[in-house]
1. Please give me, ordered by residue number, the chymotrypsin sites (Phe, Trp or Tyr not before Pro) of the range 237-309 that lie in loop per DSSP and have at most 14 other Cβ atoms within 10 Å.
2. Starting from 0.36 nm per residue, how many nanometres of slack lie between residue 168 and residue 64 once their C-alpha separation is accounted for?
3. Could you compute the FRET efficiency for residue 140 and residue 258, with r as their C-beta to C-beta distance and R0 at 51 Å, rounded to 0.05?
4. With a/c under 1.5 counting as rounded, go ahead and sort the range 269-329 into rounded, prolate or oblate using the C-alpha gyration tensor (a ≥ b ≥ c being the square roots of the eigenvalues; past the cut-off, prolate if a/b is larger than b/c, else oblate).
5. I want to check the label-to-label distance for residue 197 and residue 265. Put each point 7 Å from Cα in the C-beta direction and report it in nm to one decimal.
6. If you add up the charges near residue 102, with Lys and Arg at +1 and Asp and Glu at -1, over every other residue whose beta carbon is less than 15 angstrom from its beta carbon, what do you get?
7. Leaving ligands, DNA and RNA out of it, report the carbon-plus-sulfur percent of the accessible area of the range 175-320 at a 1.4 Å probe.
8. From the cross-link list 214/254; 91/197; 81/225; 214/275; 81/240; 85/240, which pairs have alpha carbons spaced over 28 Å apart?
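The values are calculated or read from the model by the stated rules, or taken from the named source; none is laboratory data. A quick note: this is a predicted structure, and the numbers were derived from the prediction, not measured. All Cβ positions, glycine included, derive from the backbone under ideal geometry; neighbour counts span all protein chains shown. SASA here: full protein model, heavy atoms, side chains in, ligands and nucleic acids out. Shrake-Rupley method; radii C 1.70, N 1.55, O 1.52, S 1.80 Å.
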Amino acid sequence: MNLSYTIRRYFLISVKSNIRFVTNSVNLLDVRGKIPENPVNTLKDVSDITPYFPESFNLSAYINTSQSLQNLVHLNVNLSKIEKKPHIVNKILKLDLVNDIQKHILFLKDYIHVDNIGPFITKNPLILCEAIEDLEVRVNYLQSKHFNQDDIKRILSRNPFWLMFSTLRIDKRLGFFQQKFSLSGNEIRQLATKQPKIITYNLHHVNTNSFVIKEEMGFDDNEIKFLILDKPKLWMLNQKSLLQRFNYLHNVMKIQHSTILRHSNVLLYRNFLIKQRHMFLEKLGRAQYNPNKENYVPITALYEDTDVEFCRNYGKCHVDDFNIFLKTL
């Protein structure tokens, strides 16, 4: 009796709940309103305002809809390198073909060889976002500092980021190097033309390498001035690697400062190459780097020429002997 009553009561409650849910659903549809008879007429066509670029990790997805990208491809710009930096991609996609890209290309062709414009933009695509007026002012500054046209072409070709620096920043950079290394006007122009990247390089790195070369490697101010003009790339090397190379040459091989100055290229080569050839000559009893003694071997032999020429000219042996020796290291 009690069980039958309980079942009937549960059934009635369930039916009422379902009826209430259906009723509420109908009312909800009434409140929301009816669907417009012709929804197409309520939409506004904005396709003529700007092309729609959905998010993508690959610029090739935009090629068919972006005339700007198509022209960059024709210039041999490597889009695969640019697309690795999303913040740059967003700026490139917003560029106008006529007002931005074409004007910049016409400007660049006066200083960059036409075959190198593509690689130039690949390295520094943000050059297309700089105002043409600013770029012209930065070139005019170099002309006012007596850099000739060939110098300017060399500077901009070898350092695509030079034009990203304002005239004030470049002026301060040139002043920094001129004062720090006691350079004349001609010498600072020589430095900027020979190695343009050092002028815009990290100044903390430059100062640290200057300390290493002077205090830890033992070169004096005049020798440092000679080195910065002869091999400015030394100031762009890793400090630890530079010091290791010098220590091996000077403290292990007993090469004097004066010899290193005359052949400063030796500091640009990795330590393992110098070490391999020196140890091989030492094993043969031919590691003699004093020009005043018999069987003199110039330190250029440690990094110039092929292994075959090295063995023939200085080891007086076959290259197979050198290769066998390398396996023992």
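1. Details: sites: 246, 248, 269, 272, 280, 289, 296, 303; in loops: 269, 289, 296, 303.
Here the chymotrypsin sites (Phe, Trp or Tyr not before Pro) that fit, given the DSSP loop and packing criteria, are 269, 296.
2. On the way: separation 104, 0.36 × 104 = 37.44 nm, distance 4.10 nm.
Between residue 168 and residue 64, full extension yields an extra 33.3 nm.
3. Working: r = 43 Å, r/R0 = 0.85.
For residue 140 and residue 258, the calculated efficiency is 0.75.
4. Judged from the Cα gyration tensor, the range 269-329 comes out prolate (a/c at least 1.5, a/b above b/c).
5. Each label point lies 7 Å from its Cα, and together they span 1.9 nm.
6. Details: positive: 103, 109; negative: 96, 100, 110, 130.
That works out to -2.
7. Working: 3430 of 7520 Å².
Using a 1.4 Å probe with all protein chains present, the range 175-320 comes out at 46 percent carbon and sulfur.
8. Working: 214/254 18 Å; 91/197 25 Å; 81/225 38 Å; 214/275 24 Å; 81/240 30 Å; 85/240 30 Å.
Beyond 28 Å: 81/225; 81/240; 85/240.
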